[in-house]
Amino acid sequence: MNPQALCWINQQIIPADEASISVYDHGLLYGDGIFEGLRFYQRKVFRLDSHLRRLQQSADAIALQLPMTIEQMKQAIQELITRYDQPDGYLRLVITRGRGTLGIDPQSCPQAECFIIADRLNVIHQPPGQRGIKLWIASTRRLPAQCLNPRIKSLNYLNNILARIEASQAGMDEALLLNTQGFVSEGSVDNIFIVRDGVLLTPPVSDGLLQGITRDSILQLADDCGIENRQTSLTEYDLYQADECFLCGTGAELIRVGQINRHIFTDDRWPVFERIEQAFHDLIARECA
Ligand code: PMP
């Protein structure tokens, strides 16, 4: 355990490994809860309002009453960041259904639980000397919205974890999930973009994926930089025809894909990726100055 990790819980900030919740918490028993992963730079959270808006939407989607107001959450986050011993780091904001009985019914849980962890980042990293990460197209398909909408950032990550296990077993770094129609949805913890003939492409949210805050920022930056971009359904074939391919998420920011299954991207020049990556870092520097 990283000794500097802190946790805000029950109005207090304590070392994260001393924080605990009940074994009767439905977040633990049933994955009944929601979360956000946020990143702070220079003690300022990047796109805090967007994360809290998405948290509220996830809460609404599962009929969960947040135990604190958005303003109180902002205050707790601020206290945590101030106490954390590094200016940059990662936050995990979790809301569980709370303590209930062993039955599944959320009505047995009178009060949702909230805790926020501040810790170092733990992201998929690119091994030194490798051109990009290795992506494995998993046989596990992303859950259709009719079963559990991937737009909800819920504590139920088993679908993503099963895909990641497949990737690890294949000796690859990250998994890519297709939806049940066979279209590309997203990585296990990130969204995907490709570039073809200078055009930036990403699947629409309606293809079953989390509407990533990094993804939204990239689409906005592409518009600002005059890079043609489209949200369009993508197939495996499109991935193999791509000139550039990258993943994005709060933790990883932007990460190059060097290989998909046995297809290797051989081109060294990735002009669109490089422009977007630079613009993204400039955006962080501007917003978290
Ligand atoms: N998809 C999934 C399944 C994720 O877990 C994440 C990480 N939150 C993302 C996409 C990227 O979202 P964001 O840019 O908001 O971190």
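Quick check on the stretch 226-233. Is at least one of its residues buried (at least 20 other Cβ atoms within 10 Å of the Cβ) and within 21 Å of the chain's Cα centre (by Cα)?
Quick first cut of the stretch 226-233, residues buried (at least 20 other Cβ atoms within 10 Å of the Cβ) only: 229.
Filter once more, so that each one left must be within 21 Å of the chain's Cα centre (by Cα): none.
Looking for residues that are buried (at least 20 other Cβ atoms within 10 Å of the Cβ) and within 21 Å of the chain's Cα centre (by Cα), one finds none in the stretch 226-233, hence no.
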Subject >> Set THR214, THR266: member being free of Cβ contacts under 8 Å to residues at least 12 places away in the same chain and either touching a Ser or Thr at 6+ places or on another chain (Cβ under 9 Å) or β-branched (Val, Ile, Thr) (or both) >> reply: THR266
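Can you name the strands (runs of 3 or more DSSP E) wholly within the stretch 221-281 that have at least 2 residues being farther than 21 Å from ASP207 by Cα?
Strands (runs of 3 or more DSSP E) meeting the threshold: 253-260.
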**OP:** Quick one: PHE273 ticks every box in (1) farther than 28 Å from GLY129 by Cβ; (2) open to solvent by less than 20 Å² (accessible area, probe 1.4 Å) except a single one, so which number is it?
**Re:** (1)
Subject >> Contacts under 6 angstrom Cβ, first residue in the stretch 146-163 being β-branched (Val, Ile, Thr), partner more than 10 Å from the ligand (Cβ to nearest atom) and outside any loop (DSSP other than H, G, I, E, B), 6 or more apart >> reply: ILE152/SER58; ILE152/ALA61
Subject >> Subset of the stretch 43-89 [of a type in the set (S, T, N, Q), in a loop (DSSP other than H, G, I, E, B) and open to solvent by less than 60 Å² (accessible area, probe 1.4 Å)] >> reply: none
**OP:** Could you look through the stretch 50-75, keep only residues that are within 15 Å of the ligand (Cβ to nearest atom) and under 20 Å from ASP119 (Cα atoms), and pick out the one that is nearest to the chain's Cα centre (by Cα)?
**Re:** HIS51
Original post:
Do the conditions hold for ILE133, that is, is it within 18 Å of SER233 (Cβ to Cβ) and of a type outside the set (Phe, Trp, Tyr)?
Top reply: no
Original post:
When you look at LEU38, is it in contact with a helix residue (DSSP H, G or I) (Cβ under 6 Å, 6 or more places away or on another chain), assigned to a helix (DSSP H, G or I) and closer than 21 Å to GLU79 by Cβ, yes or no?
Top reply: no
Original post:
Does the stretch 241-251 contain any residue that is open to solvent by 10 Å² or more (accessible area, probe 1.4 Å), at pLDDT below 95 and in the same structural domain as GLY187 (by TED's automatic domain parsing)?
Top reply: yes
**OP:** Could you tell me whether ILE133 is under 28 Å from PHE246 (Cα atoms), at pLDDT 95 or above, open to solvent by less than 40 Å² (accessible area, probe 1.4 Å) and within 22 Å of the chain's Cα centre (by Cα)?
**Re:** yes
Subject >> Selected residue [more than 19 Å from ARG142 (Cα to Cα), buried (at least 19 other Cβ atoms within 10 Å of the Cβ) and in contact (Cβ under 8 Å) with a residue 60 or more places away in the chain] from LEU221, LEU201, LEU176 >> reply: LEU221
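The values are calculated or read from the model by the stated rules, or taken from the named source; none is laboratory data. Since we're looking at a predicted model, the values are computed, not measured. Backbone-built Cβ (ideal geometry, glycine too); neighbour counts: all protein chains shown. SASA here: full protein model, heavy atoms, side chains in, ligands and nucleic acids out. Shrake-Rupley method; radii C 1.70, N 1.55, O 1.52, S 1.80 Å.
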